[in-house]
Amino acid sequence: MIVLVLLAHVVVLPFYGYYRGIDFTRCLLMVAPLAVLVAVAGADQLGRRVRACAATLGIVASSAVTVSFSGGEIEAHFHFFVMLFFITLYQDWLTFLLAIGFVAFEHAIVGVLAPGDVYGHSPAVHAPVKYALIHAGYVTAAAIGAILNWRLTDHADAATREVTEQLEYDNSHDSLTGALNRREFEIRISEVLTRIEEADATVVCVLDLDRFKIVNDTCGHPAGDRLLIEVCWVLSEVLAPEDTLARLGGDEFGILIRRRSVEEAVGMAEAACAALARHRFKADDRTFAASASIGVLPLFGQVRYVEEAMQMADAALYTAKEAGRGRVHVHHQGDAELNRRQSDSIWAGALLDALHEDRLELVYQPIVPTVPNDAETGRIGEILVRLCEADGSLISPGLFFPAAERYDLLPALDRSVVAKAMKTLAAHYPVGSPTNGDLYTINLAGPSIGDETFRTFVQAQLAEHKLSPSLICFEITETVAITNLAMARRFITEMRASGIRFALDDFGSGLSSFAYLKNLPVDFLKIDGNFVKTITHDVIDRTMVAAVNQIGHEMGLRTVAEFVEDDATLAVLREIGVDYGQGYGLGRPGPLTSWLADRRPAGSGAAQSTGAPAVVA
């Protein structure tokens, strides 16, 4: 811009001098040096400061020529102040001092030797030094103002740069440890994925501290924060400068390692794991080991997207934890355990969608008396759940239940099943209609039993739908019950007080089943199907079933045998004296609504089925 301003002066000044009555040739000769300076200032091959100095000399010299062509008029001297402003745009001390020096030379030297060219009034011509000092004072004042503006601008720019750099740092780093954050870590992985080649041995590591919660719980969160900082120190000492360390959240860290081979990269991950195992963290006179589990994913040939890479590395991490913690597990194509974990994450997403979109379907499997009894009119059956996919196909819980368990979705699943079952049953058994002694069992998971709010939820559902509690029987597995016996007993006792009955499912799978049984106030005992399915040819299993049945009857409980697949098994159960059987040999699961439509309450005006319960395939 300054060079263009100077070029404009080279073009205009000869005409201005000619207008003021000066010979045009003389005008061209006086402007010629300015043209030379324009050429120097515009020469790209020269250094920036040389070009800036040439432009500075040209711009202040144009002021001197303007004053000379004007005959020294006072107004023409304002040109110096305007050009001085342009020069300050360089923000360079050299060009600024050069301009000030030229102005001083013009007024003090040329003003004395040829005062008529510089000053256009008589007092200045007769006292050039005095007026040179006056002009110098004004120029100096203008210079000080320009310098102040310049310096203030510098400080403002520096402050802006500092704030911008701090914001950029905060946006990409963890505030506690100073390591990169998850967002920046995923950006680095994305950059690697865009240029990864077959020879590339980059691996993504996800690291999680083992038993970090113990530190937080025993010494407080400040101690936990100090441990996280120390972990970063330990890892930084082990990793190479070109490796990337990030805190992903909580006590989870990410490491991006690039080596000549995957084996070298994995070796670095194992070195990091070993360094943490050796490290000791001290807090409140206690000493803790900072051991960690690490999941490693070689990037080449396995993933294309960042999300996929993080999921696979995370799955490898949990495999390392399940294998005993304090170790490294590397994901390889075809890794069955990791494929299962990936499948779990997919099913967890599908289950969440089904819960949000109300796509859970309830099915019913009858529980049939082993000895037909015409006097017993009530029918018993188990309400099971299926996941209905978008295309209408039903998915067995064997596929999505492990995902629900791993991702803590069991409480939400239980609530959805209980709410839907009670709503469906309430429509079939309106207020005042007989229940005919019918009973519907619903499985509950361990987290629901330990949730105080779940009891309130069940009672609220009964009240909302005005459903008789005698229709409901909750099934609790033996392993869940004995995990926290006091909690299970309290839950059962409070729910039974409202009229709901209970069954102890999979009985016999525990190590001390009979010892726990007397402490659980249940109504039904469901014998573990693993014993039942072999009782026709395994004497020990038959003896186990007989023992469970006898103890159950001694305690006043009704017994149910699971996995009854054929008539031979049913005959043995009948001989032993088991009360009920459940399995494909007695009835396959079918839609709950179809079962209810086939069995109307007595007195409802609809036909009521008699004999064996209807089975819906």
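As a footprinting exposure proxy, order 345, 190 by other Cβ within 10 Å, with the fewest listed first.
190, 345
How far, in degrees from 0 to 90, does helix 262-278 lean away from the longest principal axis of the Cα atoms of the chain, to the nearest 10?
Taking the Cα atoms of the chain, the angle to 262-278 is about 80 degrees.
Nearest 10 degrees, 0 to 90: what angle lies between the long axis of helix 397-406 and the longest principal axis of the chain (Cα atoms)?
50
For the chain, which span is the longest to avoid every loop-located (per DSSP) member of trypsin sites (Lys or Arg not before Pro) having at most 15 other Cβ atoms inside 10 Å?
For trypsin sites (Lys or Arg not before Pro) (loop position, at most 15 other Cβ atoms within 10 Å), the longest site-free span of the chain is 21-210.
Rounded, prolate or oblate: which one fits segment 345-598, using the alpha carbon gyration tensor with axes a ≥ b ≥ c (rounded when a/c is under 1.5, else prolate when a/b beats b/c, else oblate)?
Rounded is the answer for segment 345-598, as its axis ratio a/c remains below 1.5.
May I ask you to sort 150, 595 by Cβ crowding, counting other Cβ atoms within 10 Å and putting the fewest first? Mind dumping the intermediate values first?
Details: 150 18, 595 26.
Starting with the residue having the fewest Cβ neighbours, the order is 150, 595.
Which of 228, 276, 504 has the fewest other C-beta atoms within 10 Å, and how do the rest follow up to the most?
Values: 228 21, 276 25, 504 28.
The most exposed by this proxy come first: 228, 276, 504.
Give the label of the value calculated from the structure for mean projected area of the Cα convex hull in nm², choosing from [x] 48.9; [y] 39.9; [z] 43.8.
Working out mean projected area of the Cα convex hull in nm² from the coordinates points to [x].
Looking only at segment 345-598, where both bridge partners belong to it, what percent of the DSSP beta bridges are antiparallel (to the nearest 5)?
Here the share of antiparallel DSSP bridges comes out near 40 percent.
Normalising by the residue count of the chain, find the relative contact order in percent from Cα pairs under 8 Å and 6+ residues apart. Please report the intermediate quantities before stating the final value.
Numbers: 963 pairs, mean separation 47.6, N = 617.
After rounding, I find 8 percent.
Kindly work out what percent of the DSSP beta bridges joining two residues of the chain are antiparallel, to the nearest 5.
Working: 40 of 66 bridges.
In the chain, DSSP labels about 60 percent of beta bridges as antiparallel.
Determine the calculated [θ] at 222 nm for the chain from helices alone, applying -39500 (n - 2.57) to every DSSP H run no shorter than 4 residues and normalising by the residue count; nearest 500 deg cm²/dmol.
-17500 deg cm²/dmol
Using only the alpha-carbon atoms, how far is helix 306-322 inclined from the longest principal axis of the chain? Give it as 0 to 90 degrees, nearest 10.
On a 0 to 90 degree scale, this one is about 50.
Only the coordinates and a few stated rules stand behind these numbers; no lab work does. The model shown is predicted, which means the values in this text are computed figures rather than measured ones. Every residue, glycine among them, receives a Cβ derived from its backbone with ideal geometry; neighbour counts consider all protein chains shown.
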